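The next block holds one structure in the form of structure tokens; read it before the comments.
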Amino acid sequence: MPLVVKIVLFLGTITCISASVDVSIRQRYCNSQSIDQNSDADTAITEVLHDVIDRTSSSPRYDVVSKKEHGSATFWAEGICGYGMTSNDCYICKTMAWFYLDEDCRLKAGGRITLAACKLRYETYRFDLDGRW
């Protein structure tokens, strides 16, 4: 049975965003190489995932690739949402994907997760884009 999350976010005092998204995990993978907490790499991962999550939900194709450098660290990331999703649903799915990645791949040099409705990936190297939905 798929996990469907119902999230209501209150932004400020008058904005309400509601979404029902299937965020059940289909696949996940973490790189075995570790990184140090609060390092350039840790900061670069946060920056690249923030960028991908923010831009994916506003992209016409719901597919964004990003590269971020911080100090000596460079990371690439990709975010994909399924066609037909609303931008709110895409944003919620990506946020949940990051939550799962952080839970499973915290302080790892790469990770990827496929949820029922979206995908999120980050690596220390440029990678070929996954198949489009």
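Derivation of every value follows stated rules applied to the coordinates shown; laboratory data play no part. All of these numbers come straight from a predicted model, not from anything done at the bench. Positions of Cβ are backbone-derived with ideal geometry, glycine not excepted, and every protein chain shown enters the neighbour counts.
By how many nm would the segment from D42 to R26 lengthen if fully extended, with 0.36 nm per residue of separation less the alpha-carbon distance? Could you put the intermediate results ahead of the total?
On the way: separation 16, 0.36 × 16 = 5.76 nm, distance 2.55 nm.
Computed gain between D42 and R26 is 3.2 nm.
Is the shape of the range 23-133 rounded, prolate or oblate, going by the alpha carbon gyration tensor and its root eigenvalues a ≥ b ≥ c, with a/c under 1.5 for rounded and a/b larger than b/c for prolate? It comes out prolate by the Cα gyration axes.
What order, most packed first, do the peptides 39-45, 80-86 have when packing is the mean number of other Cβ atoms within 10 Å of each residue?
Numbers: 39-45: 19.7, 80-86: 18.0.
For the peptides 39-45, 80-86, the packing ranking is 39-45, 80-86.
Among F99, F127, F75, a tally of other beta-carbon atoms within 10 Å of each Cβ gives an order, fewest to most, of F99, F127, F75.
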